[in-house]
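Report on one structure; see the data block that follows.
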Amino acid sequence: MQALILAGGKGTRLRPLTVYTPKPIVPVLNRPFLLYQIEILRRAGITDITLSLNYQPDKIEQLLDDGSEYGVNLRYLTEPSPMGTGGAYKYAEDSIRETTVVLNGDVLTDLDVSKVVAFHRQKKSEATIVLTPVENPAAYGLVETDEENRVLRFREKPDASEVADLKTKNINAGIYVLEPSVLDFIAAGENSSFEYNVFPALLKNQKPFYACVLRNNYWRDIGTPESYLKAHHDFLSGKIKNFEIERTGEFEVATAALVDKRSIIGADCVIKPNAKIINSVIGEGVHVEEKAVVENSVIWSHTRISNAAHIKNSVVGRSCHIGRNVVISDGAVLGDKTSLTDYTKI
Ligand code: GDD
Ligand code: MG
């Protein structure tokens, strides 16, 4: 069994965070995001993993290297230009020899992948897709199935009338098990999308195409700032259970400072007297000066937060400088190296 992670998108919706950091390796609890996907694959005994890249591939490759540190064997394939999700799978054709688990490189889940593979085998399926119910299906691929879990319809980014029409809230969770025969439905060298081209073609040709619905697992696409922040809150509140969390590195905290039990503080941070860190994740080497407050937020590494600044429900990129008494709130997202002068309010 092998896996292919589709990790070539530009991460536009997560800008400005993705200007210098491609989406697959944005830090989640101070670890590159892809490590969560690598972990669920490894747990299912899948160690042969290909990463399909396009946007800033070198950064991803340099960081994750050959994967041996994580108990897997990573290979990298970079398309000359974005081929689309199906096109990226076709581009990997030479390295696809067997049943393959394909993941969208931005879904956070604690799913047991081996159960999906078992379902795929039991159904003698050619393509199996994991579904999850969501409140706003319009942002995703809506999937209709019959009682036997056969896929009947696949509608990517449906409009409101179609959502009402299909009477389901189950969407494509971006996790597939595919037989190599699916490659025959994709033309080589052309742009192709699983969602708009390949899945509709499987349906048209009445191929065995089944869906497996997530019931008690966590699932989230981290591809927007709100969702990225929410993933952190879900981890901190214990909603995501099946990953080990490293709470603290070695850091220096003044006795009069408050760091609540939920928060995660990276190595080499300095937290000065009367500063407060509440329900937040602080990256490596961050300085939090006196009386500054960080609440429900994510701060990337090497940022400096000056005296009495207040950061609430926001994401602050790497190496930023937040001046004294600055107020950042309500889902603000600051890109790397942003500098805010004293008393700025955003
Ligand atoms: N290699 C490669 N090449 N990867 C790509 C390309 C490409 O041309 N285009 C997109 N990807 C990767 C992205 O990096 C991402 O990890 C994944 O494919 C999905 O792309 P998104 O841009 O995040 O799609 P989406 O979130 O709007 O919709 C998709 O995911 C939903 C679940 O989160 C669809 O698959 C929906 O049907 C699905 O519901
Ligand atoms: Mg996405």
Are any of the residues in segment 268-275 surrounded by fewer than 19 Cβ atoms within 10 Å (Cβ to Cβ) and under 17 Å from R31 (Cα atoms)?
yes
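Kindly indicate whether any position in segment 63-73 is among the small types (G, A, S) and within 11 Å of ligand 1 (Cβ to nearest atom). Explain how you work it out, then say what you get.
Taking segment 63-73 first, the residues among the small types (G, A, S) are 67-68, 71.
Okay, now just the ones that are also within 11 Å of ligand 1 (Cβ to nearest atom), so none.
No, segment 63-73 contains no residue that is among the small types (G, A, S) and within 11 Å of ligand 1 (Cβ to nearest atom).
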Residues being within 14 Å of ligand 1 (Cβ to nearest atom) and either in contact (Cβ under 8 Å) with a residue 60 or more places away in the chain or in a loop (DSSP other than H, G, I, E, B) (or both) - total across segment 226-245
3
Residues that are modelled with pLDDT of 95 or more and touching a helix residue (DSSP H, G or I) at 6+ places or on another chain (Cβ under 6 Å): does segment 297-308 have at least one?
yes
Please go through segment 134-150 and pick out each residue that is in a strand (DSSP E or B) and within 12 Å of ligand 1 (Cβ to nearest atom).
G141, L142, V143
Among residues of segment 81-121, those that are open to solvent by 50 Å² or more (accessible area, probe 1.4 Å) and under 21 Å from V198 (Cα atoms), counted
8
Check V116 against each of (1) part of a helix (DSSP H, G or I); (2) touching a helix residue (DSSP H, G or I) at 6+ places or on another chain (Cβ under 8 Å); (3) more than 16 Å from ligand 2 (Cβ to nearest atom); (4) closer than 23 Å to Y218 by Cβ and name the one condition it does not meet.
(2)
Test result for Y55, within 16 Å of ligand 2 (Cβ to nearest atom), in a loop (DSSP other than H, G, I, E, B) and within 16 Å of the chain's Cα centre (by Cα):
yes
Leading residue by the ranking (surrounded by the fewest Cβ atoms within 10 Å (Cβ to Cβ)) among those in segment 1-34 that are closer than 22 Å to E246 by Cα and more than 15 Å from ligand 1 (Cβ to nearest atom)
R31
Which numbered condition H232 fails, given (1) away from ligand 2 (no atom under 16 Å from the Cβ); (2) at pLDDT 95 or above; (3) over 30 Å from V281 (Cα atoms)
(3)
Condition (residue is basic (K, R), more than 16 Å from ligand 2 (Cβ to nearest atom) and either buried (at least 20 other Cβ atoms within 10 Å of the Cβ) or outside the structural domain of V134 (by TED's automatic domain parsing) (or both)) applied to segment 249-263: is it met by at least one residue?
yes
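The values are calculated or read from the model by the stated rules, or taken from the named source; none is laboratory data. Remember, it's a predicted structure, so these values are computed and weren't measured experimentally. FYI the Cβ positions are ideal-geometry reconstructions off the backbone, even for glycines, and counts take in every protein chain you see. We work out accessible area using only protein heavy atoms, side chains counted, and drop any ligands, DNA or RNA first. Shrake-Rupley method; radii C 1.70, N 1.55, O 1.52, S 1.80 Å.
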